[in-house]
Amino acid sequence: MKDQPPEESKDLDRDPVYYYSRENRLKKASRRVREFNEETDNQRGGAAKFLGTKGNALMLVSILIICAMFITTSRYNKKGYTVNLAGNNFVLSIASEEGIYILELVKNTPKNGESFTGEITIAVSPVTSNLNDQDEPRVFVHRVSLNEFNTETFQFALPFEEEEYYVILSTDAEFKSVKIKARS
């Protein structure tokens, strides 16, 4: 009788019967699956779910540390000091290279294209706290001519070896001054 095909059922439109017991399946499941399927309202909130595992907590701490490093680096690693003089934006920085202090002046014209062309005077003096009445302040003065280029860069070797400087930029009509710390 086993070799004979089964007789066709007279009820072909009937739904198949599944022997499924949710309780038996949940008994064999892991603790997390059972907790997830419990129908209680005391489920954990979003932050508790996110920080529920060590991996997630370490990832959050890592992200916070990296953000703090970026903020600290950007705050203390400035490219220079910006001064607006006669419609031009100047970025001033002093860097020390092999014991020589170099003043770098970068001129950028505004986006509207209207800028000052002509000569500007640059005066640089080191910050000194122990200057006597008889001593004259040490000042380095230089003149540069600005053209109509969008960006121009000027570099000057300074005859001083100090860590802080006063830099004065002036035209015939106005002047600006700034105190700059040298970068090593």
Of the residues in region 55-94, those that are surrounded by 10 or more Cβ atoms within 10 Å (Cβ to Cβ), of a type outside the set (A, V, I, L, M, F, W, C) and under 11 Å from the mean Cα position of the chain (by Cα) number 1
If I go through region 84-126 residue by residue, how many of them are part of a strand (DSSP E or B) and at negative phi?
29
Restricting region 95-108 to residues that are touching a residue at least 40 places away in the same chain (Cβ under 8 Å) and surrounded by fewer than 18 Cβ atoms within 10 Å (Cβ to Cβ), which is farthest from Leu146 (Cα to Cα)?
Gly99
Considering region 144-184 alone, what residues qualify as being free of Cβ contacts under 8 Å to residues at least 40 places away in the same chain, polar (S, T, N, Q) and touching an Asp or Glu at 6+ places or on another chain (Cβ under 9 Å)?
Ser145
Among the numbered criteria (1) touching a residue at least 24 places away in the same chain (Cβ under 8 Å); (2) under 23 Å from Ala86 (Cα atoms), which one does Asn112 miss?
(1)
Starting from residues that are more than 15 Å from Leu92 (Cα to Cα) and among the hydroxyl-bearing types (Ser, Thr, Tyr), keep the ones in region 103-127 and report whichever is modelled with the lowest pLDDT.
Ser115
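The values are calculated or read from the model by the stated rules, or taken from the named source; none is laboratory data. What you are looking at is a predicted structure, and each value in this text was computed from that prediction instead of being measured. No Cβ is skipped: glycine too gets one built from the backbone with ideal geometry, and neighbour counts run over all protein chains shown.
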